[in-house]
Amino acid sequence: MALEERPVEKLDRAVIFLGPPGSGKGTQAKVLAARYGIPHLSTGDMLREHISKGTPLGLKAKPIMARGDLVPDSLVLKMVADRIDREDCYHGFVFDGFPRTVTQAKYLGELLKQHGLNQPFVIHMVIGRSALLKRLTGRRTCRVGGEIYNIYDRPPKVEGVCDKDGGELVQRPDDTEEVVAPRLHAYEKQTAPLVSFYRRLNSLDDIDATKSVEEVQQQVADSVERIRGAR
Ligand code: AP5
């Protein structure tokens, strides 16, 4: 079905959160996806699920993620294509952690064309490196629902327990100081070039990610509404 035949209240757009590890992509992507009733697609979460299930993909990705490198495109692209083929992506989706290389971005452009969707809209989370270490080493995630906390800035009411569903809060194995450095390096080298890639396409907004979660949320909502109004 062509884009103009779809219900107008839907987002009908792929939104990409682009920013360094710990910039708040996951925190904000979940909220935005819930607001528009579209899926939140985190390639990091998908890969971690493969690892926990011990799939062949997970077995290959595990040591790569443990040392903070990017998983090769050959493993990531098909996983993404399969996911956005599913019916729940029909009215758009929110990507968190994809694309991460220019090759991935070009591939996504082709996939979106095939799905009848416009250029993606990119939320660029701008934040300096110094703020990220505390955010990453302090992060705890609910094992059940994936809710994200921070022991310094967003602690749960009861230590180690999710406020929402009582699930156990766990630390990601790549959130140690030793692995954060190579992750930031991979971002600067392989992913940061996407900022100028998407800026050239006129589909990127800079967001001040140093602000509080609520203030960032407002900036993101305003940005997406502006795009909706402009189309
Ligand atoms: P992935 O899971 O995507 O991790 P990441 O990009 O490193 O990003 P993070 O999840 O660490 O941070 P975030 O920006 O989502 O921040 P969050 O909201 O959690 O990828 C992991 C690995 O998988 C990669 O290293 C790679 O190996 C592989 N991979 C994934 N996708 C791939 C791809 N496309 N290609 C190849 N390889 C891929 O927030 C962080 C903390 O800060 C939390 O504690 C939160 O509470 C806190 N916080 C958030 N916002 C604020 C705020 N405004 N103020 C204060 N604290 C805040």
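The values are calculated or read from the model by the stated rules, or taken from the named source; none is laboratory data. None of the values given here were measured: they were computed from a predicted structure. So basically every Cβ, Gly included, is an ideal-geometry build from the backbone, and we count neighbours across all protein chains shown.
Below are the figures for this structure:
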item: Condition broken by residue 183, with the remaining ones in (1) over 30 Å from residue 203 (Cβ atoms); (2) buried (at least 16 other Cβ atoms within 10 Å of the Cβ); (3) under 19 Å from the mean Cα position of the chain (by Cα) satisfied; result: (1)
item: Pair list, Cβ under 8 Å, 6 or more apart: the stretch 4-26 residue at pLDDT below 75, other residue away from the ligand (no atom under 16 Å from the Cβ) and assigned to a helix (DSSP H, G or I); result: 10/36
item: Check on residue 32, in a helix (DSSP H, G or I), buried (at least 19 other Cβ atoms within 10 Å of the Cβ) and more than 11 Å from the ligand (Cβ to nearest atom); result: yes
item: Hey, residue 178 exposed (fewer than 13 other Cβ atoms within 10 Å of the Cβ), in a helix (DSSP H, G or I) and within 19 Å of the chain's Cα centre (by Cα) or not; result: no
item: Which listed residue, of 214, 177, is farther than 24 Å from residue 102 by Cα and at pLDDT 95 or above; result: 214
